[in-house]
Amino acid sequence: MTKSPAAADQTGKIVAWYDRHHRDLPWRISPPMAARGIRPDPYKVWLSEVMLQQTTVQAVKSYFTLFTAKWPTVTGLAEAETEEVMKAWAGLGYYARARNLKKCAEAVAYSHGGRFPDTEEGLKALPGIGDYTAAAIAAIAFDRPAAVLDGNVERVISRLNAVDAPLPGSKPLMRALVARMTPTARPGDFAQAMMDLGATICTPKRPACALCPVNESCAALASDDPERFPVKAGKKERPVRLGAAFVAIDETGAVFLRKRPGHGLLGGMTEVPNTDWTARQDGDTGTDTAPFDGKWHDCGTVVHVFTHFELRLTVFRSRVSRTTAAGQGVGPGWWEPEESLAGEALPSVMKKAIKQAIPDAFQPRPRAIEPMQSRG
DNA sequence: AATTCGTGGGC
DNA sequence: TGCCCAAGAAT
């Protein structure tokens, strides 16, 4: 593809900026390391890219460390129990990513000889890998000059070129503009440079244009209002849904849990029994929908904001014996001991509901003070 | 093409 | 406080 002199000039300045100002991240091979011949591990590139989909660097760090310690290779992840993967992913959100992560690991381990495909097309055929992630892995792990376009790059590109057309319709144009800038030398570092630039300089609010390596050729800065870009389509309002959740506690302090269906909202994750979440405002959030009869104590309401609706969940608590609960027809599920609740595949909304019913549920259990042991 | 799909932090 | 945002993918 033809590269305009202006675009090539911007590319050189951005990669040079990256050499000086790149972020050091747990999954990244920084330029000094790369200069010593260290190559990225495609498994870690893939894992980090999936975790980073719509998720902040800060949130991903601890999960990445945990996953790579627990499963150092893609084959190890492929051989893991899906439930263990969901437990490890719990709290990170967008749980289809975890389900697809496991499927993708299995495909790579069992259908690709344990090695990731090294082309965009091959990568994109795998579960959970779309346009962005395929291009990112191809560029970063395999040195392919793929056009990497994520939210950061969209912001940088739309400002450099003052793209007036709104997202997401302007995506093909943006992709073409990135492709025009993508070098054949160090395409992976160029991609990461664009993302670092968007994350640290070309920020959504109050961009630090004075520190930008390409401020002289930025159309948005020249037009004096860089914050106007990227232009986005209007967002829809967020409806409210109501529901009730039931925290049943047995004589040992164990909590009754069950499994959600494998697809859809919070698919494959663990939950406490709860009603459907509906838009109805007539108050069908009472104990008539409880999983079994009993004295249900109203613990109040928790509010949880999902991407496309806000949930107001009325939480009820009941102390029952297992035999009583079983006799009253408690549905499929299991009693989870209090001390292992924190390790379950509970999404944040469920932890929030359980905390509402049992405020110290996820606190480290107070332990008896043991006498100091003398050694020798 | 438009919806669905989490969560936490910043301002 | 409410809104925006974050290395998007699947359907």
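Scanning the stretch A:242-276 for residues that are farther than 15 Å from A:LEU341 by Cα, open to solvent by less than 10 Å² (accessible area, probe 1.4 Å) and of a type in the set (A, V, I, L, M) yields A:ALA244, A:ALA245. Taking the stretch A:309-341 as the range and being more than 18 Å from A:ALA361 (Cβ to Cβ) and either open to solvent by less than 80 Å² (accessible area, probe 1.4 Å) or at pLDDT 95 or above (or both) as the test, the residues that pass are A:PHE309, A:GLU310, A:LEU311, A:ARG312, A:SER321, A:THR324, A:ALA325, A:ALA326, A:GLY327, A:GLY329, A:VAL330, A:GLY331.
Of the helices (runs of 4 or more DSSP H) that lie entirely inside the stretch A:1-70, those containing 2 or more residues that are out of contact with any helix residue (DSSP H, G or I) (no Cβ under 7 Å at 6 or more places or on another chain) span A:5-21, A:31-35, A:57-70. Scanning the stretch A:205-224 turns up at least one residue that is open to solvent by less than 20 Å² (accessible area, probe 1.4 Å) and over 24 Å from A:PRO145 (Cβ atoms).
Considering the conditions (1) under 28 Å from A:GLU227 (Cβ atoms); (2) out of contact with any strand residue (DSSP E or B) (no Cβ under 7 Å at 6 or more places or on another chain), A:PRO166 is excluded by exactly one of them, (2). From the list A:ALA185, A:ALA162, A:ALA146, A:ALA105, the lone residue that is in a helix (DSSP H, G or I) and either small (Gly, Ala, Ser) or more than 10 Å from DNA strand C (Cβ to nearest atom) (or both) is A:ALA105. You will find that of A:ARG115, A:ARG99, the residue that is in contact (Cβ under 8 Å) with a residue 60 or more places away in the chain, away from DNA strand B (no atom under 14 Å from the Cβ) and not hydroxyl-bearing (Ser, Thr, Tyr) is A:ARG115 and no other.
The values are calculated or read from the model by the stated rules, or taken from the named source; none is laboratory data. The structure displayed is predicted, hence computed values, not measured ones. A quick note on method: Cβ atoms are made from the backbone with ideal geometry, for glycine too, and the neighbour counts reach across all protein chains shown. These area figures cover heavy atoms from the full protein model, side chains too; ligands, DNA and RNA do not enter into them. Shrake-Rupley method; radii C 1.70, N 1.55, O 1.52, S 1.80 Å.
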